[in-house]
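Worksheet for the structure shown next.
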């Protein structure tokens, strides 16, 4: 699984770049704009080809999902801890694909099994967040869940993307490697070409 997380702030021709990433085979796109209003998200989504909406994950303003035919929702650590079990059950009954974020193997072991996948970070020194340094995760400490895939996040680029799979992760998430690059599409293609076919 190869995932791209959006730039947290608006960028030039953003929707066009997102469409191009999907055209190149992007599996899942996380729309994470912590400072954006719901209207700003709506305007961005309206510029993205609707055929790609089923591959988009909303990090905020979850109520917009039904309007755009989006069935993927992400919960950060804070929002996840505010969720009650009944809400998770309802989401799953409605066919919603759920993801979340963690920062330790203990967090993974304590996750409800309703989450389809989770980001674990930082696996390598962050590209987008200076001084956000890699943690030495021991995946042997994980009680692997059948239903919750483990996605590596943090500092992943074309030099180390394969190492994440070798470490035992089910997939990778890209952020700084894409949005800090001059040629975002070329970088994505290079990384994707290195990943196992099963991850596409």
| task | Kindly check whether there is at least one residue in the stretch 131-151 that is in contact with a helix residue (DSSP H, G or I) (Cβ under 6 Å, 6 or more places away or on another chain), closer than 20 Å to residue 4 by Cβ and surrounded by 17 or more Cβ atoms within 10 Å (Cβ to Cβ). | result | no
| field | Residues of the stretch 25-36 that turn out to be under 17 Å from the mean Cα position of the chain (by Cα) and exposed (fewer than 12 other Cβ atoms within 10 Å of the Cβ), as a count | value | 1
| note | Scanning the stretch 169-188 residue by residue, those closer than 14 Å to residue 118 by Cα and either out of contact with any helix residue (DSSP H, G or I) (no Cβ under 7 Å at 6 or more places or on another chain) or surrounded by fewer than 22 Cβ atoms within 10 Å (Cβ to Cβ) (or both) turn out to be 169, 170, 173
| When you go through (1) in contact (Cβ under 8 Å) with a residue 60 or more places away in the chain; (2) in contact with a strand residue (DSSP E or B) (Cβ under 9 Å, 6 or more places away or on another chain); (3) not in a helix (DSSP H, G or I) one by one for residue 11, which number turns out not to apply? | (2)
| message | So residue 39 ticks every box in (1) part of a helix (DSSP H, G or I); (2) surrounded by fewer than 17 Cβ atoms within 10 Å (Cβ to Cβ); (3) under 18 Å from the mean Cα position of the chain (by Cα) but one. Which box is left unticked? | response | (3)
| Flag for residue 53 being loosely packed, with under 12 Cβ neighbours inside 10 Å and either more than 25 Å from residue 129 (Cα to Cα) or in contact (Cβ under 8 Å) with a residue 12 or more places away in the chain (or both) | no
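FYI, it's all coordinate maths here, none of it is from the lab. Bear in mind the structure is a predicted one, so any value in this text is a computation, not a measurement. In this analysis, Cβ positions are derived from the backbone assuming ideal geometry, glycine residues included, and neighbour counts consider all displayed protein chains.
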